[in-house]
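What follows is a set of notes on a single structure, which appears directly below.
Bear in mind these aren't lab numbers, they're just calculated from the coordinates by the rules spelled out. Bear in mind the structure is a predicted one, so any value in this text is a computation, not a measurement. Here the Cβ is made from the backbone with ideal geometry for all residues, glycine too, and neighbour counts use every protein chain on show.
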Amino acid sequence: MALAESDIQYLQKAIARGSGNVIREHQSYLLEARLTPVAQAAGLDDVHALVAELQRSADRKLQEAVVEAMTINETSFFRDMQPFTALQEQVLPELIDRRKTRRQLSVWSAASSSGQEAYSIAMLIRSRFPELADWRVSILATDLSEEMVKRTREGVYSQFEVNRGLPASMLVKFFERQGLNWQARPEIRQMIHAEKMNLAENWRTTARHDIVFIRNVLIYFDVPMKETILRRVHQSMQPDGYLFLGGGETLLQLDVRFERAAVGNAVCFRPTS
Ligand SMILES: C[S@@+](CC[C@H](N)C(=O)[O-])C[C@H]1O[C@@H](n2cnc3c(N)ncnc32)[C@H](O)[C@@H]1O
């Protein structure tokens with residue numbers, strides 16, 4: 001039986017409150033598909049019963065489970081290769097030159113899902129920039145989902161996942177077998193610090209990142225939330241830093257202080273004052 005309109009509306013609001021993610025009308029079928037397992041895990045008959053329980057109990061764990069179940073965690077190593085080529089050919093050489101006295105670099109992979117983006121950056125740095133070996137290089141990976149943060153910390157990927165985008169030479173060099181899976185070697189894992197972070201909450205950071213990847217997540221927010229998040233991202237970046245968005249994402253028509261810049265075949269955004 002299709003979900004009642006009132007259940008759909010309640011869930012849309014609860015998800016928007018929890019993660020800022022907008023579930024549009026044509027996606028409402030997803031609610032049933034993804035929330036039935038959440039209902040069953042909570043011992044409830046169906047999604048209608050889940051809504052009734054959420055309304056009755058204010059159970060934070062259950063609310064989080066609903067929000068997490070509705071996130072799309074699609075990712076892969078070296079996804080949409082151009083930003084990584086830009087890092088290698090222009091962004092990192094330039095920042096290395098500018099930071100040669102401080103010898104520190106800070107990268108943030110926001111909404112990093114299971115961590116492939118952060119690991120791709122770590123491997124790129126280790127394989128192409130040996131001069132950074134004695135610098136303080138930090139790569140922060142954050143995501144709303146506890147499960148994704150745990151996966152990033154563990155750095156364990158299935159054969160299917162490593163087949164998606166990870167060159168064989170990097171697999172051999174930076175991963176070791178763990179049963180049927182592959183785990184990133186400790187020297188790569190320790191470059192990455194993974195933390196749970198909800199971009200839609202009122203976060204503040206004292207960090208000033210040189211490079212921010214926030215890809216394939218802004219599409220899930222409405223315009224005011226995109227602008228709020230990007231203003232905070234701006235505050236958490238070095239003035240000469242680089243921001244990378246997903247391939248189809250743009251800042252057009254958003255009231256934010258970034259300007260578009262081409263780096264080779266990649267598009268990135270630079271903070272303006
Ligand atoms: C499609 S994946 C993108 C992963 C990676 N950035 C990439 O481009 O391959 C979107 C990720 O955004 C996360 N996400 C959604 N809403 C979020 C929020 N409010 N705060 C932080 N992460 C969020 C999801 O958990 C999911 O892992």
Checklist entry - Each label point is 7 Å from the Cα along the Cα-to-Cβ direction; what then is the distance between the points at Q9 and T250, in nm? => result 3.4 nm
Checklist entry - How many nm separate the modelled label positions at R102 and R17, each set 7 Å beyond the Cα in the direction of the Cβ? => result 4.0 nm
Checklist entry - In the neighborhood of S120, defined by Cβ-to-Cβ distances under 14 Å, what is the net charge if each Lys or Arg adds +1 and each Asp or Glu adds -1? => result +4
Item to check | For the chain, convex hull volume per residue from C-alpha positions, Å³ | outcome: 143 Å³
Checklist entry - Gap in Å between the Cα centre of segment 239-273 and the Cα centre of segment 1-50? => result 34 Å
Checklist outcome for this item: Extension length gain for E176 and A2 (0.36 nm per residue less Cα distance), in nm, is 58.0 nm
Checklist entry - Relative to the first principal axis of the alpha-carbon coordinates of the chain, what is the inclination of helix 223-235, with its axis defined by its Cα atoms, in degrees from 0 to 90 and to the nearest 10? => result 30 degrees
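As an exercise, use a Förster radius of 51 Å and the Cβ-Cβ distance of R128 and S57 to find the FRET efficiency, rounded to the nearest 0.05.
0.50
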Item to check | Unsatisfied cross-links (Cα-Cα over 27 Å) in the set K100/K226; K61/K150; K100/K150 | outcome: K100/K226; K100/K150
Next on the checklist: Under 10 Å, Cα contacts only: if you run a Gaussian network model on the chain, which one of L132, L230, L245 comes out with the highest mean-square fluctuation?
Outcome noted: L132
Checklist entry - How much net charge surrounds Q104 when only other residues with a Cβ under 9 Å from its Cβ are counted (Lys, Arg +1; Asp, Glu -1)? => result +3
Checklist entry - Size of the dipole of the chain about the Cα centre, Lys and Arg at +1 and Asp and Glu at -1 on the beta carbon, nothing else charged, in debye to 20? => result 1120 debye
Checklist entry - What net charge is computed for the residues neighbouring R257, neighbours being all others with C-beta under 11 Å from the C-beta of R257, Lys and Arg scored +1, Asp and Glu -1? => result -1
Checklist entry - Peptides 73-85, 89-101: what's the order by average Cβ count within 10 Å, highest mean first? => result 73-85, 89-101
Checklist entry - Given R₀ = 35 Å, FRET efficiency for T205-A168 by Cβ-Cβ distance, to 0.05? => result 0.40
Checklist entry - What is the spread of the Cα atoms of segment 230-271 along each of their three principal axes, largest first, in whole Å? => result 26, 22, 14
Item to check | Alpha-carbon Rg with Dmax, taken over segment 150-273, Å | outcome: 17.1, 51
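Let me check against my output: what whole-number percent is the relative contact order of the chain, with C-alpha pairs under 8 Å and at least 6 apart?
Numbers: 398 pairs, mean separation 49.6, N = 273.
Answer for the chain is 18 percent.
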Item to check | Full-stretch length increase - L30, R257 - with 0.36 nm per residue and alpha-carbon distance subtracted | outcome: 78.3 nm
Checklist entry - Under a GNM of the chain (C-alpha, springs under 10 Å), which listed residue has the highest mean-square fluctuation: R185, R60, R126? => result R60
